[in-house]
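J.: Here it is, the structure, as structure tokens.
The values are calculated or read from the model by the stated rules, or taken from the named source; none is laboratory data. The shown structure was predicted, so the numbers you read here are calculated from the model rather than taken from an experiment. As a convention, Cβ positions derive from the backbone with ideal geometry for all residues, glycine included, and neighbour counts pool all protein chains shown. Please note that ligands, DNA and RNA were not included when accessible areas were found on the heavy atoms of the full protein model with its side chains. Shrake-Rupley method; radii C 1.70, N 1.55, O 1.52, S 1.80 Å.
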Amino acid sequence: FGDATVAVRQGCALSSATRALHLGGFDGSNRLNTIGYVTISSTGNAVDFGDLSQTCIGHPAGFASATRGINAAGESPGNTNEIEYVTIASTGNGVDFGDMTYAAQGVFGGGSSTRGIIAAGLTPSVLNNIEYITTASTGNAQDFGDLTQARRGGAKGQSSNSTRMVFYGGQTPTAVDTIDYVTIATTGNATDFGNAAAGVGVPAAMADSIRAVFAGGDAPSSVNTVNFITILTQGDAVDFGDATIAIAGA
């Protein structure tokens, strides 16, 4: 497809139907606040989008509606509770959205076209918190409920459709095989969904309206496994195939 604007790890990614963005990360020497983007329907190298207001690593949450992209929590260099947003169709710097009620790194992120969900994290103890924001507005996050298990966030990427948000794997610090979910439009505690094929932390996550797919991860060394679930049913993850390389935290 092309190359990112910089080689990094521990940032976050998000997309609309037309553009995909990568925000922040660690280049091996420095924490970054850079934002790069690609146009999904074409190929080519990423292009500079703008900058976050602060450097951000530590697996922050990244998620989006059709118009806005959200970056929340992470490490900068201490744990942060800040939430920023960008307007995906334009370019420019991140703008303050509000704050979470807690500062953490290693969080889950997802949501629907109207609500964003941020959950779990490391503070340095692991948490079971779930919070939400209304993506089209600005303001502080509000309590949603609790996960079935406290842990550092697992999947990096949006594992949700318009109805359900799925929380796949994680670390306590041991990698766990827990999968739980919430119904995004309501509030309340997460419900058991099933189990991953094995305990796994920080796989890459991607979803359409039907399936969520989880590739790679830390178990505790990097793996190349790819598994999927059907979001609107409940059950254990199913083998999809293998990635070309073993990788975690992508």
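J.: Can you tell me the mean projection area, over all orientations, of the convex hull of the chain's alpha carbons? Units nm², please.
T.: Hull-based average projected area comes out at 11.4 nm².
J.: From the gyration tensor of the Cα coordinates in segment 101-250, what semi-axes in whole Å does the equivalent ellipsoid have, largest first, with each one equal to sqrt(5λ)?
T.: 23, 17, 13
J.: Work out the charge dipole of segment 1-78 with +1 on the Cβ of Lys and Arg and -1 on the Cβ of Asp and Glu about the Cα centre, then indicate which of I57, S15, N30 is farthest towards its positive end.
T.: The listed residue farthest towards the positive side: S15.
J.: If I build a Gaussian network model for the chain, linking alpha-carbon pairs within less than 10 angstrom, which residue out of G199, G170, G154 has the largest mean-square fluctuation?
T.: Result for the chain, Cα springs under 10 Å: G199 fluctuates most.
J.: How far apart, in nm, are two points set 7 Å out from the Cα along the Cα-to-Cβ line at V95 and at S41?
T.: 2.5 nm
J.: Suppose every Lys and Arg Cβ carries +1 and every Asp and Glu Cβ carries -1, with no other charges. What dipole size does segment 48-175 come out with about its Cα centre, to the nearest 20 debye?
T.: The dipole magnitude comes to about 480 debye.
J.: Once label points are set 7 Å from the Cα along Cα→Cβ at both D236 and A136, what is their separation, rounded to one decimal in nm?
T.: Each label point lies 7 Å from its Cα, and together they span 4.2 nm.
J.: Moving on to the next point. Give the dimensionless ratio obtained when the Cα radius of gyration of segment 79-174 is divided by 2.2 N^0.38 Å.
T.: Here the answer is 1.06, to two decimals.
J.: How much accessible surface area, in Å² rounded to 10, belongs to the heavy atoms of R19 with a 1.4 Å probe?
T.: Using a 1.4 Å probe on the heavy atoms, I get roughly 40 Å².
J.: Suppose a student asked you for the relative contact order of segment 119-222, using Cα pairs under 8 Å spaced at least 6 residues apart; what percent would you report?
T.: Normalised by residue count, the contact order of segment 119-222 is 23 percent.
J.: Next question. Can you give the Kirkwood hydrodynamic radius for segment 169-235, in Å, rounded to one decimal and based on Cα pairs?
T.: Evaluated over segment 169-235, this radius sits at 12.5 Å.
J.: Note down the relative contact order for the chain as a percent, whole number, built from C-alpha pairs under 8 angstrom at least six residues apart.
T.: 12 percent
J.: Just subtract the alpha-carbon distance of A7 and S221 from 0.36 nm times their residue separation and send over the number in nm, one decimal.
T.: 75.0 nm
J.: So, with +1 on the Cβ of K and R and -1 on the Cβ of D and E, and no other charges, what is the size of the charge dipole of the chain about its Cα centre, to the nearest 20 debye?
T.: It works out to roughly 220 debye.
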